[in-house]
Amino acid sequence: MDTPIAARRRKGSTESDAEYIDRIGCVLTRIGKPAEIAQAVAWLCSESSSYVTGHALVADGGYKVR
């Protein structure tokens, strides 16, 4: 995720964004934004998901399928 904590961890690295994304294995080939996780949470809290039960919603940009 593109967060201040993640940015601090990468600070000083000579690795490009593309190299970093390749190294972590993100299938969507971009760094995720906190707002994208918030959208998933908002959906789960909304009436739109009223028939959803017992499901683990994975919002990781394809990280688990690598």
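The values are calculated or read from the model by the stated rules, or taken from the named source; none is laboratory data. Since we're looking at a predicted model, the values are computed, not measured. Note that each Cβ is placed from the backbone with ideal geometry, even for glycine, and that neighbours are counted across all protein chains shown.
Observations, loosely collected:
- Note on region 22-52: residues that are over 15 Å from Thr3 (Cβ atoms), at pLDDT 90 or above and assigned to a loop (DSSP other than H, G, I, E, B) amount to 5.
- Hey, Glu19 surrounded by 11 or more Cβ atoms within 10 Å (Cβ to Cβ), touching a Gly at 6+ places or on another chain (Cβ under 9 Å) and assigned to a helix (DSSP H, G or I) or not: no
- Test: residue in region 57-65 that is of a type in the set (Ser, Thr, Tyr) and either modelled with pLDDT under 85 or within 20 Å of Ile5 (Cβ to Cβ) (or both): yes
- Checking each residue in region 53-66 for being of a type in the set (Ser, Thr, Tyr) and outside any loop (DSSP other than H, G, I, E, B) picks out only Tyr63.
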